[in-house]
Protein chains: 2
Amino acid sequence: MTAWLDGGPADPRLAEARGLHYGDGVFRTLRVHRGELVDAAGQLAHLAADARALALHAPQEVLAAEAGQLLQTAALADGALKILLWRKASGRGYRPQGGDCHRLLSLHPLPVLRLDPATAGARVDLAALRLGEQPALAGIKHLNRLEQVLASRDWPAAIDERLLANDQDELICGTRSNLFAVSEGRLWTPRLDRAGVAGRTRARVLALAEAAGIAVQIAPLPVAALSSVQELFLSNSLFGLWGVAEAPGFRASAPGPLTRRLMQTLAHPPWKAAAC
Amino acid sequence: MTAWLDGGPADPRLAEARGLHYGDGVFRTLRVHRGELVDAAGQLAHLAADARALALHAPQEVLAAEAGQLLQTAALADGALKILLWRKASGRGYRPQGGDCHRLLSLHPLPVLRLDPATAGARVDLAALRLGEQPALAGIKHLNRLEQVLASRDWPAAIDERLLANDQDELICGTRSNLFAVSEGRLWTPRLDRAGVAGRTRARVLALAEAAGIAVQIAPLPVAALSSVQELFLSNSLFGLWGVAEAPGFRASAPGPLTRRLMQTLAHPPWKAAAC
């Protein structure tokens, strides 16, 4: 194959990347805190499970070793590590052959947040775009993320996260977080079997809630139900949990009592490195 | 950003590529014949239209010039040129900022076909996977192609193309082609406003049919309708048109009379370079 990138010779690893051509891969974003990865084993196991769903092989031991070396080399105290895998090329065309992957590990500063999740509630709105449904891909953190890109256009400066719903007006998740509601003492989070991404922190919250004897309901969460829930919070692997103060039809002081309790149980590192 | 690819330093153009991270881009595949691009202006215009739908800018003149230079440099007589564009990075995160693109142009040999489309009909089956629906992305030849990858698993050697349907059992397109049926003298092709990719050759066939006074119906095409149509054919920019001899519920000698007439009108280059 002969290939040019922006008018010059292209690295074959880019020119042939099935991750680029088709999005044939998976990723995970991990929090780095005090030079260490947060929940590394759990994240890698979750990555491997997503990979398996696409008949890909995520080499967990290699990834753990490379992540450790990269962190050491870069001497990053606080930030994010993104692990991105895509299927090795085997001729042109969609047909996937073999599950071996290329591995891209990259370090990033923490994104800028408008507020500190530990003390201030997020303001969220609802994307006009409705998520499509594809059961074969739902829940997987794969590389086909154009819906998230489109939903992130025209993002107002005063908004911290944008919620995504399906065309039955059921909430699914945020563009970069999962969503939980608290209703009459129960934890309520959307099903992700037809759309959405199942974050690792969502799984941790569900496990912690079960261990604490908190009732959990994994069920459709209509947009209209926001006006009758008591608490709302977001989860992702960078900020952990973030109480919502304002959403369409919802207003509350945040974090609420159950959100606060779960934040303490999760014991996720604080957002501001300076506070450590 | 610090990044490693497969344990070594990663080219930032790969490590930061929004095409890789999100599939935030578009592509087009052009036929090369006798060292020339087939329908270059039309293809580039179609690419630019797809790009605009994602608020991207496809620099048509630059692309035409680079494609010409690449073809001259490589001295490729017959094959395929893939043009792939993705949005330039502007910080981490889904939010798209600006429409400028990176350009990847690559040359490839023609894929191996089991039969010559000029003389033998294709055998097609139906993918078990059902296409999801996303009106905001339907029709666009974008880089989120995991559905095509999943649908191409377990591809039998005796199958030339695989048809894709939605979950109402309406046919949408093939994994790498568009689909046309001929029913009582009319041309019938699926609507692509909720799923599927609108190929450039599909648009050319529709225009040729209109010019020739052939009635065209762009409407849902149920799988069950295959048993009552007289002709079926596939279109793509590499092989042009390919009559279907066998599909679920359908069997005919191919190409049929209207398919053959459209093949002659389209005057696409023959498949086998040796035959030129």
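The values are calculated or read from the model by the stated rules, or taken from the named source; none is laboratory data. Just so you know, these numbers come straight off a predicted model, no measurement behind them. Note that each Cβ is placed from the backbone with ideal geometry, even for glycine, and that neighbours are counted across all protein chains shown. Note: areas computed on protein heavy atoms with side chains; ligands, DNA, RNA excluded. Shrake-Rupley method; radii C 1.70, N 1.55, O 1.52, S 1.80 Å.
Observations on the model:
- Amide H contacts of B:Leu187 (H built 1.01 Å from N, under 5 Å, at least 5 apart or other chain): B:Ala215, B:Val216, B:Gln217
- Mean-square fluctuations from a GNM of chain A, with a 10 angstrom spring cutoff on Cα atoms, peak among A:Leu71, A:Leu171, A:Leu56 at A:Leu71.
- Region B:63-129 and region B:153-181: distance between their alpha carbon centers, rounded to Å: 20
- Assuming charge only on the beta carbon of Lys and Arg (+1) and of Asp and Glu (-1), the dipole of region B:177-276 about its Cα centre is about 200 debye to the nearest 20.
- The calculated FRET efficiency for B:Ala212 paired with B:Ala64, based on their beta-carbon distance and R0 = 35 Å, is about 0.75.
- Residue (of B:Phe250, B:Val216, B:Pro190) at the positive-pole extreme of region B:174-254, dipole from beta-carbon charges: B:Pro190
- Taking B:Ile218, B:Ile140, B:Ile172 as the candidate residues, the one with maximal mean-square fluctuation in a Gaussian network model of chain B, Cα springs under 10 Å, is B:Ile218.
- Per-pair calculated FRET efficiency, R0 = 45 Å: A:Ala158 and A:Gln72 via Cβ, rounded to 0.05: 0.70
- Paramagnetic label reach from B:Val112 (point 7 Å along Cα→Cβ; backbone nitrogen cut-off under 16 Å): within region B:132-170, residues B:155-161.
- DSSP beta bridge pairing in the protein assembly as shown, given as percent antiparallel to the nearest 5: 80
- Positive-end residue, region A:1-108 charge dipole about Cα centroid, Cβ charges, pick of A:Trp4, A:Ser106, A:Thr73: A:Trp4
- Each Lys and Arg contributes +1 and each Asp and Glu -1, all at the Cβ; summed about the Cα centre of region B:50-117, the dipole is approximately 460 debye.
- Whole-Hz ³J(HN,Hα) from phi, Karplus 6.51 cos²θ - 1.76 cosθ + 1.60, for region A:220-237, glycine and proline x: x, 10, x, 3, 5, 6, 4, 6, 10, 8, 8, 9, 9, 8, 10, 10, 7, 7
- One Cα centroid belongs to region B:232-276, the other to region A:15-56; the line between them spans 42 Å.
- Summing both sides, the accessible surface hidden between B and A at a 1.4 Å probe radius is close to 6000 Å².
- Prolate/oblate/rounded label for region A:24-179 (Cα gyration tensor, a/c 1.5): oblate
- Remark: chain A carries a charge dipole of roughly 260 debye about the Cα centre, counting +1 on each Lys and Arg Cβ and -1 on each Asp and Glu Cβ.
- Longest segment of chain B lacking trypsin sites (Lys or Arg not before Pro) that sit in a DSSP loop with at most 11 other Cβ atoms within 10 Å: B:115-276
- Among A:Leu192, A:Leu105, A:Leu30, the residue with the largest mean-square fluctuation in a Gaussian network model of chain A, with springs joining Cα atoms closer than 10 Å, is A:Leu105.
- Backbone phi angles across region A:250-256, fed through the Karplus curve with coefficients 6.51, -1.76 and 1.60 (θ = phi - 60°), yield HN-Hα couplings of 9, 8, 7, 7, 9, x, x Hz in residue order; Gly and Pro are listed as x.
- Taking the charge dipole of region B:71-183 about its Cα centre, with +1 at Lys and Arg Cβ atoms and -1 at Asp and Glu Cβ atoms, the residue from B:Gly174, B:Ala158, B:Tyr94 reaching farthest to the positive side is B:Tyr94.
- Shape parameters for the protein assembly as shown, alpha-carbon atoms, Rg then Dmax in Å: 24.8, 76
- When the other protein chains are added to the chain by itself, burial of at least 50 square angstrom of heavy-atom accessible area (probe 1.4 Å, ligands and nucleic acids ignored) affects these residues of region B:113-157: B:Gln134, B:Asn144, B:Leu146, B:Val149, B:Leu150, B:Arg153.
- Taking a ≥ b ≥ c as the square roots of the eigenvalues of the Cα gyration tensor, region A:180-232 is classed as oblate, since a/c reaches at least 1.5 and a/b does not exceed b/c.
- Three-way shape label, region A:1-86, alpha-carbon gyration tensor, a/c 1.5: oblate
- For A:Cys173, residues with placed amide H under 5 Å, excluding near neighbours: A:Leu164
- Cα-Cα separations in chain A greater than 36 Å, expressed as whole percent: 16
- Long-range HN-HN contacts of A:Cys101 with modeled amide H, under 5 Å: A:His57, A:Lys88
- Rounded percent of accessible protein surface that carbon and sulfur make up, the protein assembly as shown, 1.4 Å probe: 52
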